[in-house]
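A short worksheet on the structure shown next.
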Amino acid sequence: MDFGKLIPRSYKNELRKAVRGEGIYLYDEDGKEFIDGCSGALISSLGHGNEEVAKAVYDQLVKLEFAHPSRWRNDATLEAAEEVASIAPGDLKNVWFVSGGSEAIESALKIARQYFVERDGKGSGKTTFIARWNSYHGSTIGTMGLAGSMPRRRDFTPLFQETPKIQPHYCYRCPYGQTYPSCGVRCARSLENEILRLGPERVLAFVAEPVVGSTVGGLHPPVEYWPIVREICTKYDVLLIADEVMTGIGRTGKAFCVNHWDVIPDIICSAKAMASGYSPAGAILVSQKLVDVLKGGSGAFQHGHTYNANPATAAAVTATLRIMKRDGLFENAAARGEELMKGLRELMDIPIVGEVRGMGLMRGVEIVADKATKAPFPAKTKAAAVVTSCCMDHGLVVYPGTGMISGVAGDQFLVAPPLIVTSEQIGEILARLRKGLEDAVKKLNG
């Protein structure tokens, strides 16, 4: 395949050319229709071709396309911050804009460290973050050390500083060999053990995704998990950072996923759906206690990127959030998500479907070679790629992932259509998904 001068994600993949998008649909150069069943990468929550957002960005571009945030403030970014704050939980009303998820995580790590330096002095021993295995927090050197997805970081291990990690809430394959709820939610309580092992005086923050995204496909926690984690972090003066890059902005049926458990982190990282793909966008939402310390100390967050708080992206954020609130898209995600989950459970009769899970319009399907033993397909089989290809043949795009079992084996995929999806379209997604999975069974077991 000729990519010209472009460096693609892979020179070995055969890619169709996307030429147009409309609503939940994408069209290739031959005019074939595909349902964007994963919103790109859980980005396009308003769907494709939304002229209202496009016009807002255009209007801002011709008015003021850029003004460096170290020297200027502008109405567009102030307005966008108000919109983000309007859906933020608790006192997380302070917004720092960036251009994507990796930048959001990096910003959260730096502001967390600066908070303790300014609160306790430059000799603050709080320098260590705790994260989880099978997590994904970005693709920069700093975020790879934090994250625990081995396939994404194995080759780059010599370049980054490793972060201590605990096991995730992977109930289908419990790392402790226990069963919920008799386990007592050991996966959450293990955070306290790790803090004590390292020393609370050294631990700065715990970073986690409320629902695990691309690395374990819609892995949602037991209902007690996040309240337990919040309690532990408060007890030991450890900040709680929620990575809501995928789960935020209505994806799970609420503005932010932590709202499902009435938990208020110290920092929320957001991106992806924040501007619904109409401009590269991200942000951190920061609690008042952190901001007050910075205001009373140095008076500045020692961080910045060129496109931090740029006006054109701000216009996209404002338009996106206003449409979501006006059209009840958070509520639609909750209702359509239940319909999607009901349909996914009906796919459990397919031999390779091991588990379905998730929240709202963020649902995952784990693929197995043997339902009884939960044995995965050999990694060389590339089962997730086979399923993805078969679904594409039937006009459905899903988001595959691999390597969640010991960092080597395991296959799964996400189904996460735009938040504008209708009941009828949910039925269409499920019908195409069944056909794709049935074809995949023949290829994988043939």
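Taking every protein chain into account, the 1.4 Å probe leaves Lys235 with about 140 Å² of accessible area, to the nearest ten.
Maximal additional length on extending the Lys63-Lys5 stretch stands at 17.6 nm, based on 0.36 nm per residue less the C-alpha distance. Applying 1/(1 + (r/R0)^6) with R0 = 41 Å to the Cβ-Cβ distance of Ala431 and Val408 gives a FRET efficiency near 0.75.
Restriction of the GluC sites (Glu not before Pro) in region 207-313 to DSSP coil positions whose beta-carbon has at most 16 other beta-carbons within 10 angstrom yields Glu224. Structural size metrics of region 221-298, computed from C-alpha coordinates, are Rg and Dmax of 13.9, 41 Å.
Under a model in which nothing but the beta-carbon of Lys, Arg (+1) and Asp, Glu (-1) is charged, the chain shows a dipole of about 1060 debye around its Cα centre.
Binning the alpha carbon pair distances of region 263-350 at 5 angstrom intervals from zero yields the distribution 3, 11, 13, 15, 16, 15, 10, 7, 5, 3, 2, 1, 0, expressed in whole percent. Estimated from helices alone, the mean residue ellipticity of the chain at 222 nm is -11000 deg cm²/dmol (sum of -39500 (n - 2.57) over DSSP H runs with n ≥ 4, per residue). Between Asn50, Asn193, Asn308, the Gaussian network model of the chain with springs among Cα atoms under 10 angstrom shows the greatest mean-square fluctuation at Asn193.
Other residues lying with their Cβ under 15 Å from the Cβ of Asp120 contribute a combined charge of +2, Lys and Arg counting +1, Asp and Glu -1. Sparse packing (at most 10 other Cβ atoms within 10 Å of the Cβ) combined with a DSSP loop state is found for the following trypsin sites (Lys or Arg not before Pro) in region 112-205: Lys122. Taking every alpha-carbon pair in the chain and binning the separations at 20 Å intervals from zero gives 25, 59, 16, 0 percent.
When a 1.4 Å probe is rolled over the protein heavy atoms, the share of accessible surface on the chain that falls to carbon and sulfur comes to 53 percent.
If R0 equals 35 Å, the separation of the Cβ atoms of Thr234 and Glu338 corresponds to a calculated FRET efficiency of about 0.60.
Can you give the extra length, in nm with one decimal, that the chain gains between Glu224 and Glu22 once fully stretched, where that is 0.36 nm per residue apart less the Cα-Cα distance?
Working: separation 202, 0.36 × 202 = 72.72 nm, distance 3.98 nm.
My answer for the length gained is 68.7 nm.
Post the alpha-carbon centroid distance, region 226-265 to region 127-189, in whole angstrom. Centre-to-centre (Cα) distance: 17 Å. Near Glu355, the amide H atoms lying under 5 Å from its own belong to Glu366; only residues 5 or more places off or on other chains count, and H is placed 1.01 Å from N. Legend: calculated FRET efficiency, Asp349 to Asp370, from the Cβ-Cβ distance at R0 = 25 Å, rounded to 0.05, equals 0.95. The packing ranking, built from the mean of other Cβ atoms within 10 Å per residue, places the peptides 368-381, 397-410, 285-298 in the order 397-410, 285-298, 368-381, highest first.
Once fully extended, how much extra length lies between Glu29 and Thr179, figured as 0.36 nm per residue of separation less the alpha-carbon to alpha-carbon distance? Present the calculation step by step, with values, prior to reporting the outcome.
On the way: separation 150, 0.36 × 150 = 54.00 nm, distance 4.92 nm.
49.1 nm is the gain from fully extending Glu29 to Thr179.
I'd like the GluC sites (Glu not before Pro) in region 1-77 restricted to DSSP loop residues with at most 16 other Cβ atoms within 10 Å, sorted by number. Could you put the intermediate results ahead of the total?
Values: sites: Glu14, Glu22, Glu29, Glu33, Glu51, Glu52, Glu65; in loops: Glu14, Glu29, Glu65.
Hits after loop and neighbour filter: Glu14, Glu29, Glu65.
The dipole here belongs to region 122-204: it is taken about the Cα centre, uses +1 on the Cβ of Lys and Arg and -1 on the Cβ of Asp and Glu, and is about 40 debye.
Under the convention that each Lys and Arg Cβ holds +1 and each Asp and Glu Cβ holds -1, the size of the dipole of region 104-246 around its Cα centre is about 260 debye. Residue pairs exceeding 22 angstrom between C-alpha atoms, taken from Lys165/Lys289; Lys12/Lys443; Lys382/Lys442: Lys165/Lys289.
Can you sort Glu355, Glu424, Glu366 by solvent-accessible area, 1.4 Å probe, largest first?
Per-residue accessible area, sorted high to low, gives Glu424, Glu355, Glu366.
Here region 378-403 is scanned for amide nitrogen atoms under 20 Å from the site 7 Å beyond the Cα of Asn13 along Cα-to-Cβ, giving 379-403.
The values are calculated or read from the model by the stated rules, or taken from the named source; none is laboratory data. Worth saying up front: this structure is predicted, and the values here are computed from it rather than measured. Here the Cβ is made from the backbone with ideal geometry for all residues, glycine too, and neighbour counts use every protein chain on show. Protein only, heavy atoms only, side chains kept; ligands, DNA and RNA dropped before computing areas. Shrake-Rupley method; radii C 1.70, N 1.55, O 1.52, S 1.80 Å.
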